[in-house]
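The next block holds one structure in the form of structure tokens; read it before the comments.
The values are calculated or read from the model by the stated rules, or taken from the named source; none is laboratory data. None of the values given here were measured: they were computed from a predicted structure. Backbone-built Cβ (ideal geometry, glycine too); neighbour counts: all protein chains shown. In case anyone asks, the SASA skips ligands and DNA or RNA and just uses the protein heavy atoms, side chains included. Shrake-Rupley method; radii C 1.70, N 1.55, O 1.52, S 1.80 Å.
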Amino acid sequence: MDEFKKHMTPLTDLLPPGVREFLDGGGWWVILGVAALVLLLLLWAVVDRSVRALFRRRLPSLEEADRAFHENLADYPPPATAGYRLSLYHLPVRLRLVVMAAIGTEASVEEGTALELLDRIMPGLGAIAAQEQARIRIWPPQVSQQGFTLAFHRRTQRPEPEGELSHWVLAAGRAQPGRQAILLGLALWTEEPTMIGRLAIDTYQWLDVLRIKMPEG
């Protein structure tokens with residue numbers, strides 16, 4: 001401090017006597033403390049603004065992240081014209097979209113096993129998905145069946161307004177392809193529009209809701 005005072009002498013000699021007495025009585029420490037506090041506040045403001053700008057650029061919002069899983073069925077190409085093999089409540093349908101997700105953070109579903117899992121849920125369903133070129137989407141693990149079902153119906157957008165006839169039927173729920181359950185969502189296209197709309201399926205209802213017509217011969 002003495003060395004600092006010596007350097008500041010040309011400046012302090014110009015100050016009134018009362019101010020010089022204040023400085024000599026410990027006022028320098030007060031001034032240095034205030035200056036240090038101001039510098040710290042300025043540094044904090046710069047760092048805070050930089051961090052906010054960095055994360056604002058790199059981290060998508062929840063809405064943007066959710067939009068990555070949206071499916072607009074109006075953009076899907078028309079289904080193939082080959083004979084129908086799959087039916088929903090005895091109504092012939094085409095399988096156009098398959099969405100799968102594991103339950104819980106310790107499980108996972110791989111896209112490469114999607115067709116095999118479909119065949120385990122219903123024998124022949126994986127082959128139909130491949131034949132009809134259904135789109136396969138794998139979502140991150142989900143916490144609950146109800147949450148997945150609500151998300152699937154919200155993210156999968158049909159061309160027609162709710163409450164009107166539609167060629168699209170959406171079915172979602174829990175499925176049991178083996179010891180480990182998964183969550184499954186299907187978008188099915190009907191040749192004739194219906195009012196079925198959206199379905200929530202329990203674990204063992206898939207075999208009651210869907211039927212497969214085995215090829216002849």
Residue in segment 65-105 that is most open to solvent (accessible area, probe 1.4 Å), counting only those that are aromatic (Phe, Trp, Tyr) and under 25 Å from ARG211 (Cβ atoms): TYR89
Filtering segment 151-168 down to residues that are open to solvent by 10 Å² or more (accessible area, probe 1.4 Å) and either of a type in the set (Ser, Thr, Tyr) or in a strand (DSSP E or B) (or both) yields GLN157, HIS167, TRP168
Hey, any hits in segment 131-144 for a residue that's closer than 24 Å to ILE212 by Cβ and part of a helix (DSSP H, G or I)? yes
Qualifying residue in segment 36-50 (condition: modelled with pLDDT under 85 and either surrounded by 11 or more Cβ atoms within 10 Å (Cβ to Cβ) or not in a helix (DSSP H, G or I) (or both)): no
Given LEU15, LEU54, LEU32, LEU23, which one is out of contact with any strand residue (DSSP E or B) (no Cβ under 6 Å at 6 or more places or on another chain), modelled with pLDDT under 85 and not in a helix (DSSP H, G or I)? LEU15
Please work out which residue is surrounded by the fewest Cβ atoms within 10 Å (Cβ to Cβ), limiting yourself to segment 169-217 and to residues that are of a type in the set (Ser, Thr, Tyr) and in a strand (DSSP E or B). THR194
Residue tally, condition over 19 Å from LEU97 (Cα atoms) and among the basic types (Lys, Arg), over segment 184-217: 1
Within segment 137-150, the count of residues that are in contact with a strand residue (DSSP E or B) (Cβ under 6 Å, 6 or more places away or on another chain) and either open to solvent by 20 Å² or more (accessible area, probe 1.4 Å) or on the phi > 0 side of the Ramachandran plot (or both) comes to 5
Scan of segment 117-128 for residues that are of a type in the set (Asp, Glu) and either at positive phi or loosely packed, with under 12 Cβ neighbours inside 10 Å (or both), ordered by number: none
